[in-house]
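**Q** Sharing a structure here in structure tokens format.
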Amino acid sequence: MKIGVLALQGAVAEHIRSITRAGAEGVPIKKVEELATIDGLIIPGGESTTIGKLMRKYDFMEAIRDFSAQSKPIFGTCAGLIVLAERIQGDEEAHLKLMDITVARNAFGRQRESFETDLSVVGIEETIRAVFIRAPLILSVGAGVEILSTYKDEIVTARQGHLLVASYHPELTDDYRLHAYFVDMVREQASSFKNSYSRRHLDSEAT
Ligand code: GLN
């Protein structure tokens, strides 16, 4: 199973290391054609405006929307969360608009620009270590979105089917359990695709 990390800008190598530790193969994705070779995609932290610009420049917008339309899992961390959101607070134009959430950028204020904390996440036993750096937060979610964790009553981890987002940087610690959670999502999706494919194949052989 192969998981790609969008390598236009941001924390790419750290994500690849965490994917490897979680038991899958991690590869950087620099060209749209490479999306065809992977089962899941991580959009890393960095600067969402820059990542959005580079995605438009290198034709990733439609390609990633197609990838998502095939129900292939996507995990956005920090700036990657902003890139996946349908709505960004203020006047800013949203990017991929795939996930039914409204986000606020740099939402923790100047005093708390960066900090670390332990977070409880639904589906993961015990707390995980989370590093927040000029982090966004999720102001509101649509009906199909499950809230997986909050920090001081603010939503910081959420899932909508095959889409997962976190406000923080899970790749900057040795704790790879959120990556393991995503690897499980990818594995489940890949095996359900295989099952439905072989079922279709058997059905067509039977007729
Ligand atoms: N502040 C950045 C943005 O708005 C996100 C920061 C990060 O990814 N660490 O894009």
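**Q** Hey, could you check segment 55-84 for residues that are among the polar types (S, T, N, Q) and more than 12 Å from the ligand (Cβ to nearest atom) and say which is farthest from the chain's Cα centre (by Cα)?
**A** First, the residues of segment 55-84 that are among the polar types (S, T, N, Q): 68, 70-71, 77.
Adding the requirement that they be more than 12 Å from the ligand (Cβ to nearest atom) leaves 68, 70-71.
Details: 68: 11, 70: 15, 71: 13 Å.
Result: 70.
**Q** Considering segment 130-149 alone, what residues qualify as being more than 17 Å from the chain's Cα centre (by Cα) and not in a loop (DSSP other than H, G, I, E, B)?
**A** Result: 139, 140.
**Q** Which one of the conditions (1) among the polar types (S, T, N, Q); (2) over 18 Å from residue 50 (Cβ atoms); (3) surrounded by 20 or more Cβ atoms within 10 Å (Cβ to Cβ) does residue 77 fail to meet, given that it meets all the rest?
**A** Going through the list (1) among the polar types (S, T, N, Q); (2) over 18 Å from residue 50 (Cβ atoms); (3) surrounded by 20 or more Cβ atoms within 10 Å (Cβ to Cβ), residue 77 breaks only (2).
**Q** Scan segment 7-25 for residues that are within 16 Å of the ligand (Cβ to nearest atom) and not charged (D, E, K, R) and jot them down.
**A** As a first pass, look at segment 7-25 and keep what is within 16 Å of the ligand (Cβ to nearest atom): 7-15, 18.
Within segment 7-25, 7, 8, 9, 10, 11, 12, 13, 15, 18 meet the criteria.
**Q** Would you kindly identify the helices (runs of 4 or more DSSP H) lying entirely within segment 1-106 that contain at least 3 residues that are out of contact with any helix residue (DSSP H, G or I) (no Cβ under 8 Å at 6 or more places or on another chain)?
**A** Hits in segment 1-106: 12-21, 48-57, 60-69.
**Q** Oh, and also: Just checking, does segment 54-69 include any residue being free of Cβ contacts under 8 Å to residues at least 60 places away in the same chain, open to solvent by 10 Å² or more (accessible area, probe 1.4 Å), out of contact with any Gly (no Cβ under 9 Å at 6 or more places or on another chain) and within 16 Å of residue 189 (Cβ to Cβ)? Outline the logic, then answer.
**A** Step one: of segment 54-69, the residues free of Cβ contacts under 8 Å to residues at least 60 places away in the same chain are 54-67, 69.
Next, only the ones that are open to solvent by 10 Å² or more (accessible area, probe 1.4 Å) stay: 54, 56-59, 61-63, 65-66, 69.
Still in the list and also out of contact with any Gly (no Cβ under 9 Å at 6 or more places or on another chain): 54, 56-59, 62-63, 65-66, 69.
Checking which are within 16 Å of residue 189 (Cβ to Cβ) leaves us with 66, 69.
Yes - at least one qualifying residue is present in segment 54-69.
Here's the yes/no breakdown for (1) of a type in the set (Lys, Arg); (2) at negative phi; (3) open to solvent by less than 20 Å² (accessible area, probe 1.4 Å):
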{"position": "139", "(1), (2), (3)": "no, yes, no"}
{"position": "165", "(1), (2), (3)": "no, yes, yes"}
{"position": "187", "(1), (2), (3)": "yes, yes, no"}
{"position": "194", "(1), (2), (3)": "yes, yes, no"}
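**Q** Which residue, of 87, 110, 105, is within 11 Å of the ligand (Cβ to nearest atom) and open to solvent by 60 Å² or more (accessible area, probe 1.4 Å)?
**A** Working: 87 fails: within 11 Å of the ligand (Cβ to nearest atom); 110 fails: within 11 Å of the ligand (Cβ to nearest atom).
Of the residues listed, the single one that is within 11 Å of the ligand (Cβ to nearest atom) and open to solvent by 60 Å² or more (accessible area, probe 1.4 Å) is 105.
**Q** Given the criteria open to solvent by 50 Å² or more (accessible area, probe 1.4 Å), part of a strand (DSSP E or B) and out of contact with any helix residue (DSSP H, G or I) (no Cβ under 9 Å at 6 or more places or on another chain), does residue 117 qualify?
**A** Details: open to solvent by 50 Å² or more (accessible area, probe 1.4 Å): no; part of a strand (DSSP E or B): yes; out of contact with any helix residue (DSSP H, G or I) (no Cβ under 9 Å at 6 or more places or on another chain): yes.
No: the conditions fail for residue 117.
**Q** Only residues that are open to solvent by 40 Å² or more (accessible area, probe 1.4 Å) and more than 17 Å from residue 11 (Cα to Cα): list them for segment 33-52, please. Reasoning before the result, please.
**A** Initially, segment 33-52 is screened for residues open to solvent by 40 Å² or more (accessible area, probe 1.4 Å), giving 33-34, 36-37, 39, 46-47, 49-50.
Scanning segment 33-52 gives 33, 34, 36, 37, 39.
**Q** Still on this structure, please answer the following. Quick check: is even one residue across segment 176-183 assigned to a loop (DSSP other than H, G, I, E, B) and farther than 18 Å from residue 1 by Cβ?
**A** Taking segment 176-183 as the starting set, the residues that turn out to be assigned to a loop (DSSP other than H, G, I, E, B) are 176.
Remaining after also requiring farther than 18 Å from residue 1 by Cβ: none.
Within segment 176-183 (the criterion being assigned to a loop (DSSP other than H, G, I, E, B) and farther than 18 Å from residue 1 by Cβ), the answer is no, since none of the residues qualifies.
**Q** Now, a different point. Does residue 100 count as open to solvent by 40 Å² or more (accessible area, probe 1.4 Å) and in contact (Cβ under 8 Å) with a residue 24 or more places away in the chain? Write out each step before concluding.
**A** Working: open to solvent by 40 Å² or more (accessible area, probe 1.4 Å): yes; in contact (Cβ under 8 Å) with a residue 24 or more places away in the chain: yes.
Spelling it out, residue 100 is indeed open to solvent by 40 Å² or more (accessible area, probe 1.4 Å) and in contact (Cβ under 8 Å) with a residue 24 or more places away in the chain.
The values are calculated or read from the model by the stated rules, or taken from the named source; none is laboratory data. The structure presented is a predicted model; accordingly, all values stated were derived computationally and were not measured. Glycine gets a Cβ as well: all are built from the backbone with ideal geometry, and neighbour counts include every protein chain shown. Just the protein is used for accessible areas: all its heavy atoms, side chains included, with ligands, DNA and RNA removed. Shrake-Rupley method; radii C 1.70, N 1.55, O 1.52, S 1.80 Å.
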